[in-house]
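The values are calculated or read from the model by the stated rules, or taken from the named source; none is laboratory data. Every value quoted in this text rests on a predicted model; they were computed, and no experiment measured them. In this analysis, Cβ positions are derived from the backbone assuming ideal geometry, glycine residues included, and neighbour counts consider all displayed protein chains.
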Amino acid sequence: MAELLQNLIDGLGRGSIYALLALGVAVVFGIMHLLNFAHGELITIPGYLTYWAFNNGWSWWTVVPLIIVSAVISSLLIERVAFSRVRGAKDFTMLLTSFGVHFIVSAGFLLYIGAAVKPYPRPGWFADTISVGSLNIEVFDLVVIGVTAVVLAATTWLLQRTMFGLALRAAAADFDTARLMGVNSDSVIRGAFALSGLLAGIAGVFWIMREGQVTPTAGINPMLQGVLAALIGGLGSLRGAVLGGLVLGLAEVLLRSWLPVGIQNLTTGFVFVMIALLFIFRPGGLLSVPQVERV
Amino acid sequence: MLEVSGLTTAYGAINALRDANLTVGEGEVVGLIGPNGAGKTTLLGSIAGLLPISAGAIHFDGADITSTAPEKILRSGLALVPEHRRIFSDMTVEENLKIGGITTKASERAELLDEMVELFPVLRDKWDTPAGYMSGGEAQQLAIARALMSKPKLIMMDEPSLGLAPILVDLVFELLDTLRSQGRTILVVEQNATRMLEVADRAYVLRSGEVVADGTGRELLERSDLFDTFVGG
């Protein structure tokens, strides 16, 4: 029982980060049908800035805002430089463009900074635990879960209660009709990328803290987890993305604990098998949205 | 107020609209009739900026709006109630209306919401309901109210009576009368040609992508050579 509880907290902590990443992927997909394989660059770029900042005497207090702001700016820049040029193109064209962005950014870091692992210190409280009865809860997990809950509540408020949120939802439901109502296509798309970058930045803070190092390909894992979680939840559904992230995190942790010793290294493989099974029974993901044909 | 000249819109190799000319004066109710596939929806879509234009020019309220983005055209005061209503079905009635008024100030938007509820009392009962749960007639009223939320100088409607029960069709035509009495300028595509001609100040007849006749409603009703166009719709 205690072990299960421990695993649940552990899984929710992991899953929260995935949920934030997946939500960012889903916001952009919803509005322009772009499955963004460059979403991980919003972690790689702030990751290198973190390395640079610590070499210049910064502390986590100043690095956290640096990570978030740089993720938002990177997201907007990538939209401006790459995705704005393929707006309205076929989904596949946009997908390839996002791959292109990923490879160019990681090749840039490889060329100009090098393949070597760049380490930086984790925060002092990173490994702290709190004992509750027989449970040893990581403070890091609690912080992640708490911050994610607040961020999700704020995002819900933004989407439900503000005109920007309404415009974003309307544009995701029917882009042309939203424009007929006066929703500015440039602003709403840039807004979606800013929100996506903000969510990736907050997830990035935790991801970057946890890794303690950065490499040119550091973005691949967070991107994969984010895209996978969005797919599990049902691409285009924002609630689904959050749910998918939590499910993915829990599945990873529970499998690792339940799999017999010796094949625990196969956790990822088992996760993919489970995802394959999910798609056989629910091809649209957990909360699939009916796909409206776009004209 | 609206002046369309020599408008040609192509879908691939097919010219869906050829050299169309049309004007709408302030305070007028103008009908656009013709059989299915005549290019009526294409014409409205081209004016609203949804479709790429091959040739011709569109002037509205003194400004050239040819090949302008739909959101800019809306902001210049020209609204379209699109074919099949296209309401946001996952959003509530209130949210749909607010989106319609996204170009207005918050205080003004609140007043407009009250105004719409007065004009369309059925919306009040469904205020917090997702719009997808509304009946066809209710959804049509929402679609029109949503377009009115932007305080348009000219409102275009694409087949507002399509798919509605006869009693609701009556309601749509009564509504056109109400809007006219408010001094609004309206351009309506209607399949129900005879009734449209009875309501309209003037009308244009479209066939195979071309304007084949125009005149006052009365004049057109008396043109026996257009009879097939009216019943064929």
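Looking at the structure I just gave you, is B:L176 buried (at least 23 other Cβ atoms within 10 Å of the Cβ), part of a helix (DSSP H, G or I), out of contact with any Pro (no Cβ under 7 Å at 6 or more places or on another chain) and not small (G, A, S)?
Numbers: buried (at least 23 other Cβ atoms within 10 Å of the Cβ): yes; part of a helix (DSSP H, G or I): yes; out of contact with any Pro (no Cβ under 7 Å at 6 or more places or on another chain): yes; not small (G, A, S): yes.
When the stated conditions are applied, B:L176 passes them.
Take the conditions part of a helix (DSSP H, G or I) and touching a residue at least 60 places away in the same chain (Cβ under 8 Å) and apply them to A:V101. Does it pass? I'd like the intermediate steps shown before the answer.
Details: part of a helix (DSSP H, G or I): yes; touching a residue at least 60 places away in the same chain (Cβ under 8 Å): yes.
When the stated conditions are applied, A:V101 passes them.
Among the residues of the stretch A:104-142, which ones are surrounded by 15 or more Cβ atoms within 10 Å (Cβ to Cβ) and among the aromatic types (F, W, Y)?
A:F109, A:Y120, A:F126, A:F140
When A:M181 is evaluated against the numbered criteria (1) at pLDDT below 95; (2) touching a Leu at 6+ places or on another chain (Cβ under 9 Å); (3) within 14 Å of another protein chain (Cβ to nearest Cβ), which criterion, by number, is the only one it fails?
(1)
Across the stretch A:192-213, which residue is nearest to the other protein chains (Cβ to nearest Cβ) among those that are surrounded by fewer than 20 Cβ atoms within 10 Å (Cβ to Cβ) and small (G, A, S)?
It comes out as A:A194.
Can you report the number of residues in the stretch A:236-256 which are among the hydrophobic types (A, V, I, L, M, F, W, C) and surrounded by fewer than 24 Cβ atoms within 10 Å (Cβ to Cβ)? Write out each step before concluding.
Taking the stretch A:236-256 first, the residues among the hydrophobic types (A, V, I, L, M, F, W, C) are A:238, A:241-243, A:246-248, A:250-251, A:253-255.
Filter once more, so that each one left must be surrounded by fewer than 24 Cβ atoms within 10 Å (Cβ to Cβ): A:243, A:246-247, A:250-251, A:253-255.
Residues in the stretch A:236-256 being among the hydrophobic types (A, V, I, L, M, F, W, C) and surrounded by fewer than 24 Cβ atoms within 10 Å (Cβ to Cβ): 8 in total.
Any idea which of (1) assigned to a loop (DSSP other than H, G, I, E, B); (2) within 11 Å of chain A (Cβ to nearest Cβ); (3) out of contact with any helix residue (DSSP H, G or I) (no Cβ under 8 Å at 6 or more places or on another chain); (4) within 16 Å of B:P152 (Cβ to Cβ) is the one B:H84 doesn't satisfy?
Exception for B:H84: condition (4).
State all residues of the stretch A:25-46 that are more than 26 Å from A:Y112 (Cβ to Cβ) and in a helix (DSSP H, G or I); if no residue qualifies, say none.
A:V25, A:A26, A:V27, A:V28, A:F29, A:G30, A:I31, A:M32
Scan B:H59, B:H84 and give me the residue that is surrounded by fewer than 22 Cβ atoms within 10 Å (Cβ to Cβ), at positive phi and of a type outside the set (G, A, S). Quick ask: steps written out before the conclusion?
Values: B:H59 fails: at positive phi.
It is B:H84.
From the list A:G284, A:G244, which residue is farther than 27 Å from A:A2 by Cα and small (G, A, S)? Steps first, please.
On the way: A:G244 fails: farther than 27 Å from A:A2 by Cα.
Going through A:G284, A:G244 in turn, just one is farther than 27 Å from A:A2 by Cα and small (G, A, S): A:G284.
Whether any residue in the stretch B:103-111 is away from chain A (no Cβ under 14 Å) and in a loop (DSSP other than H, G, I, E, B) is what I want to check. Show your work before the answer.
Initial filter on the stretch B:103-111 (away from chain A (no Cβ under 14 Å)): B:111.
Filter once more, keeping what is in a loop (DSSP other than H, G, I, E, B): none.
Taking every residue of the stretch B:103-111 in turn, none turns out to be away from chain A (no Cβ under 14 Å) and in a loop (DSSP other than H, G, I, E, B).
Counting only residues that are modelled with pLDDT under 95 and either of a type in the set (D, E) or touching an Asp or Glu at 6+ places or on another chain (Cβ under 8 Å) (or both), how many does the stretch A:218-239 have?
0
Which of the residues spanning the stretch B:40-52 are more than 14 Å from the chain's Cα centre (by Cα) and crowded, with 18+ Cβ neighbours inside 10 Å? If you could, list the steps in order and put the result at the bottom.
Going residue by residue through the stretch B:40-52, those that are more than 14 Å from the chain's Cα centre (by Cα) are B:51-52.
Correct list: B:L51 only.
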